[in-house]
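The values are calculated or read from the model by the stated rules, or taken from the named source; none is laboratory data. Everything numeric in this text was worked out from a predicted model, so none of it was measured. Every residue, glycine as well, gets a Cβ built from its backbone with ideal geometry; the counts of neighbours run over all protein chains shown. To get the accessible areas, we keep the full protein, side chains included, count just its heavy atoms, and leave off ligands, DNA and RNA. Shrake-Rupley method; radii C 1.70, N 1.55, O 1.52, S 1.80 Å.
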Amino acid sequence: MGRPDPEEGQLPAPVKPPDGGWGWVVLFGCFVITGFSYAFPKAVSVYFKELMKDFHVGYSDTAWISSIMLAMLYGTGPVCSIMVNQFGCRPVMLIGGLLASAGMILASFTTNIIELYLTAGVLTGLGMALNFQPSLIMLGTYFDKRRPLANGLAAAGSPVFLSSLSPLGQVLLEKFGWRGGFLIMGGLLLNCCTCGAVMRPLDMGMKRKMGKAQDKYEAKEMLPIGGKSEEGISTTDGTKKGKKAKKKPKKGKKLLDFSIFSNQGFIIYTISKFILVLGLFVPPILLVNYAKDTGVPDTEAAFLLSIIGFIDIFARPACGMVAGLKWVRPHVAYLFSFSMLFNGLTDICSARASNYTGLVIFCIFFGISYGMVGALQFEVLMAIVGSQKFSSAIGLVLLIEAFAVLIGPPSAGRLVDALKNYEVIFYLAGSEVVLSALFLGAASYCCLNRGKKEPPPENNPSVGGGSDTEEAESDVQEAEEHSTDNHQPAHSTDNAVVAANEEANHVAEEQRGEGGGCSAGDGEVLARDSCNADQMVERDSF
């Protein structure tokens, strides 16, 4: 009944993702972190007009605050990966929460735009980056079977927080001004520390228990049964405590694993994601101005973004549920390719929309496709590289995406200024997204399917989790060497063996003297010479 006790000679089972339990708390924390990371740079834009008046700068100057936040979120990916691999997720997230909060609090006391760049831009952006990546890594460790659904629910934090922080920022601006609003926003960012505190490592305390249980399990298997086994176990435990200096040094964990570039799937994903980001963010950035140029009133034009956000809230969890189906999950890369194709075709088909109804229809379909892309992007990456290398993979991918973010939207803005035509921009952005979808689907089918036909290599159980077992075996071996060095126990054991042999020979002589034959089993086990040739002939006659 219940779980086997590792103390009774049973090896503890390896730690597996629970797909629930405390994982739901981790999921909620990831939901909050994702919401702050993606929505906060956009929500800060409600303060731009006041900042322009106080600092006497233009809109482009204030827009750099959001751009620096996003650049820090994407560009510091490798730095975050190194810190996570070195210190773990929870300490990094706690530090990130403090930095993000401190950045906004210090920004409320700034006197020029440069100081805002350094505080609200660099410091807050770095803090959010140190929270975003570790939260996704922890989500992948707590969920396996339900991971697509978990990723979809966590990704829904972006539209939920965007629809909440923007109105909240407007209220704070009206009541407390931009300085009071920044101060309160900095206090809200302290919730990132709370989310980091709940990111409990899944294997915390398990390595010590597994090592102790494996030591005793190996000792019971290798030493004699009875009182000697207990003595051997105690010897093993005592030897383990005093042999720290004799242990072989463990191999240091890679701070940033570049071996993932040997994975064809990762290369394909990275290239397609770079092309995708070039055009993915262009339509929502230019949508409001595009609607205004077609004659749509300002309030109705701003409502278009709310439509996209509302649809996005439901599209991401729904897509996560679909991706978690048994017959869909093995082909999740193709579902991701379809979502990108859907998004790109939506941009192309809406390029000629000339009235408000057409733009509303575009927002509905764009919200669905955009939510699908957001729900699947990290799920596909986890499926390609696995949870062990995900910390390094996401850092490198975000760094590559940072270049695309700095190229795509600014280039689209310059083309709008030069051509004075939004239609061409929508065609260009949609074509880039469609190209990324076709590349991902075609490359996955041609390259990865060809690799699946080759027989998979045998899994080595000692890789990625056998270090504790190897240490347990080395502990037992050293305990045996220690016991052989102790002369007194060895001498007593030899005496016991000699006494047992003499007793066996005495029994054999008594049986031979009484005329009782030796059975086949007894003659072979006790002493083969105890049965003479006459007894062997007599045994053969039967």
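So the values come out like this:
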| read-out | value |
| --- | --- |
| Residues being touching a residue at least 24 places away in the same chain (Cβ under 8 Å) and not aliphatic (A, V, I, L, M) - total across segment 414-426 | 3 |
| Failed item, numbered, when Leu162 is tested on (1) farther than 22 Å from Pro317 by Cα; (2) outside any loop (DSSP other than H, G, I, E, B) | (1) |
| Selection status of Leu325, within 21 Å of the chain's Cα centre (by Cα) and among the aliphatic types (A, V, I, L, M) | yes |
| Selection from segment 260-287 of residues that are more than 16 Å from Glu432 (Cα to Cα) and open to solvent by less than 10 Å² (accessible area, probe 1.4 Å) | Ile260, Gly265, Phe266, Leu287 |
| Some residue of segment 375-386 being open to solvent by 30 Å² or more (accessible area, probe 1.4 Å), assigned to a loop (DSSP other than H, G, I, E, B), in contact with a helix residue (DSSP H, G or I) (Cβ under 9 Å, 6 or more places away or on another chain) and assigned by the TED database to the domain that holds Ser272 | no |
| Search result, residues across segment 382-411 that are under 10 Å from the mean Cα position of the chain (by Cα) and free of Cβ contacts under 8 Å to residues at least 12 places away in the same chain | Gly386 |
| Those residues of segment 118-130 which are open to solvent by less than 10 Å² (accessible area, probe 1.4 Å) and β-branched (Val, Ile, Thr), in sequence order | Thr124 |
| Helices (runs of 4 or more DSSP H) within segment 11-117 that include 2 or more residues within 25 Å of Leu190 (Cβ to Cβ), open to solvent by less than 40 Å² (accessible area, probe 1.4 Å) and among the aliphatic types (A, V, I, L, M) | 23-43, 59-75, 89-107 |
